[in-house]
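Accompanying notes for the structure given below.
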Amino acid sequence: MLLSNSFIRIIHASLICGLLTGCFQPVYFSKSGDDLVHELQLITIDPIPDRLGHYLGNELAFALNGTGRDYSPRYRLTLKPRERVETPVIDTVSGRASAGIIVIDTEYNLVRMADGSILAHGVATSSAGYDRSSQRFANISAARDAEIRDAKTLAEQIKNRLLIALSNKP
């Protein structure tokens, strides 16, 4: 049975890509992945107040050190979240909001504990929407779910930014 030329080209391209996969190194990263994972595990997170702080702190602790091992910290991460609720849709008959968006802006600082130098500073933002109803408990539950979704998104954003900062540090 004869193979078509296009099928042979696909096989050749796949083989070449497979052989070249290990030949490239990212331009901006000076450390290996294992070194960066270990550096993330050396970050201690300052306590964050309120319920949102609880969600965000737990998500970040898992994102930075999901192993559960205790390391002596080398870096300190401080977070200052600010939360606001926006109501983009209002029911014209009842005059009540029928949807809500929880927007969280979190200012973060990563400080090297040895000399107090700031390695990373910035603001991460996330927003999550939820539907509102006439049932009070349902609204509270939906808002909490939106806070949890925001906390997960913020933890991922901050983790990625910390990876970049730690990969470029001397």
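The values are calculated or read from the model by the stated rules, or taken from the named source; none is laboratory data. Values in this document were obtained by computation on a predicted structure and should not be read as measured data. Methodologically, a virtual Cβ is constructed for each residue, glycine included, from the backbone with ideal geometry; neighbour enumeration extends over all protein chains shown.
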Check your understanding: Of these, Gly66, Gly53, Gly95, which one is small (Gly, Ala, Ser), at pLDDT 85 or above and either part of a helix (DSSP H, G or I) or exposed (fewer than 12 other Cβ atoms within 10 Å of the Cβ) (or both)?
Key -> Gly53
Check your understanding: How many residues does the stretch 119-146 contain that are touching an Asp or Glu at 6+ places or on another chain (Cβ under 8 Å) and among the small types (Gly, Ala, Ser)?
Key -> 6
Practice item. Filter the stretch 98-121 for residues that are modelled with pLDDT under 90 and surrounded by 17 or more Cβ atoms within 10 Å (Cβ to Cβ) and give the result. Key: Gly100
**Study point:** Selection within the stretch 138-167 - within 13 Å of Ser126 (Cβ to Cβ) and either more than 17 Å from the chain's Cα centre (by Cα) or among the β-branched types (Val, Ile, Thr) (or both)
**Key:** Ile148, Thr153, Ile158
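If only one of Leu154, Leu163, Leu79 is part of a strand (DSSP E or B) and in contact with a Leu (Cβ under 8 Å, 6 or more places away or on another chain), which one is it?
Leu79
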Check your understanding: Quick one: what pairs do we get from the stretch 81-99, first residue within 23 Å of Ile48 (Cα to Cα), second part of a loop (DSSP other than H, G, I, E, B), C-beta under 7 Å, 6+ apart or different chains?
Key -> Pro81/Ile48
Practice item. Working only within the stretch 69-90, note down all residues that are more than 20 Å from Thr153 (Cβ to Cβ), surrounded by 12 or more Cβ atoms within 10 Å (Cβ to Cβ) and not hydrophobic (A, V, I, L, M, F, W, C). Key: Tyr71, Pro73, Arg74, Tyr75, Arg76, Thr87
Review point. If you take the residues of the stretch 38-50 that are assigned to a helix (DSSP H, G or I) and over 17 Å from the mean Cα position of the chain (by Cα), which of them is surrounded by the fewest Cβ atoms within 10 Å (Cβ to Cβ)?
Key: Asp50
